[in-house]
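The values are calculated or read from the model by the stated rules, or taken from the named source; none is laboratory data. Keep in mind that this is a model prediction, so the values were computed, not measured. Using ideal geometry, Cβ is built from the backbone for each residue, glycine included, and neighbour counts are taken over all protein chains shown. To get the accessible areas, we keep the full protein, side chains included, count just its heavy atoms, and leave off ligands, DNA and RNA. Shrake-Rupley method; radii C 1.70, N 1.55, O 1.52, S 1.80 Å.
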Amino acid sequence: MAHTPFKTVGMVGLGKMGGAIAKALVSQGTKLFAFDPNLKQSPIEGVSLVSTLDALEKEAGLFVIAVKPNLVEPVLGEFTKPAIFVSIAAGISYGQLVKSAPKGSTCVRVMPNLPLVSNRGAMGYYCEEEAVSHTERLFYGMGETIRISKESLMDVVTGLSGSGPAYVLTFLQAMAEAGLQEGLSYEESLGLAMETIEGTLVYFRELRSKDHTLHPMEVRNWVTSPGGTTIHGLDALERGGFSTAVRDAVRRATERSKELGKG
């Protein structure tokens with residue numbers, strides 16, 4: 001079935017993530033109206049900037065709330081008519097959205113991530129059944145959307161995929177610096193590291209498309225020869241606490257998401 005984008009969407013906030021969503025929607029043919037008190041003119045072609053939330057409310061029936069977590073509830077409280085509200089803020093619960101939005105509204109809690117800019121986002125969302133089709137339609141073509149069965153797990157989505165690009169970029173930089181330390185130029189090292197990360201993921205995705213039970217460690221073992229270079233490198237990673245550090249990073253980011261929700 002062909003994708004039918006929303007004719008009009010309203011957005012509050014045109015920061016990095018809000019701006020990325022806005023660009024994607026405009027590219028699909030959606031007429032987008034936005035309110036951002038920090039902007040005097042729209043930085044995105046095809047986005048009509050309005051001067052007040054009252055003006056924004058008159059233009060659409062679905063609104064993406066892309067402001068800092070502490071502003072979500074006050075912003076929703078300014079709306080006067082029931083609508084569909086999609087929040088991308090970390091730590092703001094579904095219950096808080098429903099309580100703050102006009103009575104009768106449909107609310108969605110979404111955690112996107114930065115690769116959405118390149119239509120490769122990983123987005124977990126939580127909502128009631130009636131909002132699923134709206135959410136899938138809104139984010140169509142922006143990446144992978146996964147409906148989360150328990151809202152409590154949305155904090156894990158935040159810690160894993162929401163914050164995940166920063167972990168990947170940190171790993172990328174570490175690989176590039178390692179090559180530099182061993183004698184490659186930084187550009188040579190960075191180029192090899194980027195292609196290695198991207199190529200490995202593309203390869204593993206292709207393998208998984210044929211066998212959904214395939215585990216990353218199985219493929220890792222294919223390139224790990226007894227007594228070879230790779231096993232010595234892996235040993236160094238684990239002696240440095242690599243796997244534990246990654247798990248701790250996700251856990252701490254998850255905890256912080258929960259803390260944000262408590263105010």
(request) From the C-alpha gyration tensor of the range 126-263, pull out the three semi-axes of the equivalent ellipsoid (sqrt of 5λ each), sorted largest to smallest, in whole Å. (result) 33, 20, 16
(request) Note down the accessible area of Tyr140, probe 1.4 Å, to the nearest 10 Å². (result) 120
(message) Just to confirm, what accessible area per residue do you get for the range 54-209 at 1.4 Å probe, in whole Å²?
(response) 53
(request) Compute, for Ser149, the solvent-accessible surface of its heavy atoms (probe 1.4 Å) with the complete set of protein chains present, and express it in square angstrom to the nearest 10. (result) 100
(request) Note down the nm distance, to one decimal, between modelled labels 7 Å out along Cα→Cβ at Leu172 and at Arg205. (result) 1.4
(request) Take the alpha carbon gyration tensor of the range 19-61, find the square roots of its eigenvalues, order them as a ≥ b ≥ c, and report rounded if a/c is under 1.5; if not, report prolate when a/b exceeds b/c, else oblate. (result) oblate
(message) Quick test of the membrane-span-like rule: which DSSP H helices of the chain reach at least 20 Å along their long axis (C-alpha atoms) with mean Kyte hydropathy at least -0.5?
(response) 164-181, 186-210
(request) Starting from the Cα of Lys258, draw a straight line to each of the lysines and keep only those under 25 Å, dropping any in the same chain fewer than 8 residues away. (result) Lys16, Lys68, Lys99, Lys150
(message) Below 18 Å, Cα to Cα, which lysines can Lys7 reach? Residues fewer than 8 away in the same chain don't count.
(response) Lys23, Lys31, Lys58
(request) May I ask for the equivalent-ellipsoid semi-axes of the range 1-146, computed as the square root of five times each C-alpha gyration tensor eigenvalue and listed largest first in whole Å? (result) 20, 19, 15
(message) Accessible area of the range 154-239 with a 1.4 Å probe: how many percent of it is carbon plus sulfur?
(response) 63
(request) First obtain the Kirkwood hydrodynamic radius of the chain from its Cα pairs, then insert it into the Stokes-Einstein equation at 10 °C and 1.306 mPa s, and state the resulting D in µm² per second as a whole number. (result) 77
